Amino acid sequence: MKNGMGKRILLTICLVILLLAAGCVKKAGGDEQAAIMVDGVIYYSTDTAVLEEPDEDTIRYTSSYAENGVPSKDGEANFNRESKNPYALLENGTVAVLIDGRWIEFRAK
C-alpha cells in the first residue's frame, strides 16, 4: 500500500507541474491577445459579442498588421494579416471589431 500511495503522490505532483507549465506557454503560433489601436489607445478583445451593430457612419477599417504582436499606430491590429477589418469606436468607450461575421467588443486596459 505504501508503494501505491507513493506513486499516486508522485503522479499528482507531476500533473500539477504539467498544468502549471502549460499555463505559462503562449498560445499556439505565438499568438497574442487580439488587439487594435484606435486614436492612440490599444484595445483588447473581450471575446464578447456586441449586442448592437455600430452605426455605418462610424465604421473604419484596419490598415495594417502588427508584426511584433502589439499595435503601434492607429488602425493597426494583430489578429488579421489581410487587414481591412471593419471596426468602430462606440459611445460607451469600447471598440467593436467585425471578426468572422460577428461584432466583438474590445476594451482598453
TODO: Find how much the distance from Asn92 to Glu32 grows on full extension, using 0.36 nm per residue of separation minus their present alpha carbon separation; answer in nm with one decimal.
DONE: 19.1 nm
Open item on the list: Report the gain in length on full extension from Glu53 to Asp39: 0.36 nm times residue separation, minus Cα-Cα distance, nm rounded to one decimal.
Closed with: 3.0 nm
TODO: For Ser83 paired with Asp100, estimate the spin-label separation in nm (one decimal), with each label point 7 Å from Cα along the Cα-to-Cβ line.
DONE: 2.4
Open item on the list: Give the residue list of GluC sites (Glu not before Pro) in region 29-83 that are DSSP loop and have at most 11 other beta-carbon atoms within 10 angstrom.
Closed with: Glu52, Glu67, Glu82
Open item on the list: Can you give me the distance in nm between label points at Lys109 and Val70, each placed 7 Å from the Cα along the Cα-to-Cβ direction?
Closed with: 0.9
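Read-outs: derived from the displayed coordinates by stated rules, not from any lab. Just so it is clear, the model here is predicted, and its values are computed rather than measured. FYI the Cβ positions are ideal-geometry reconstructions off the backbone, even for glycines, and counts take in every protein chain you see.
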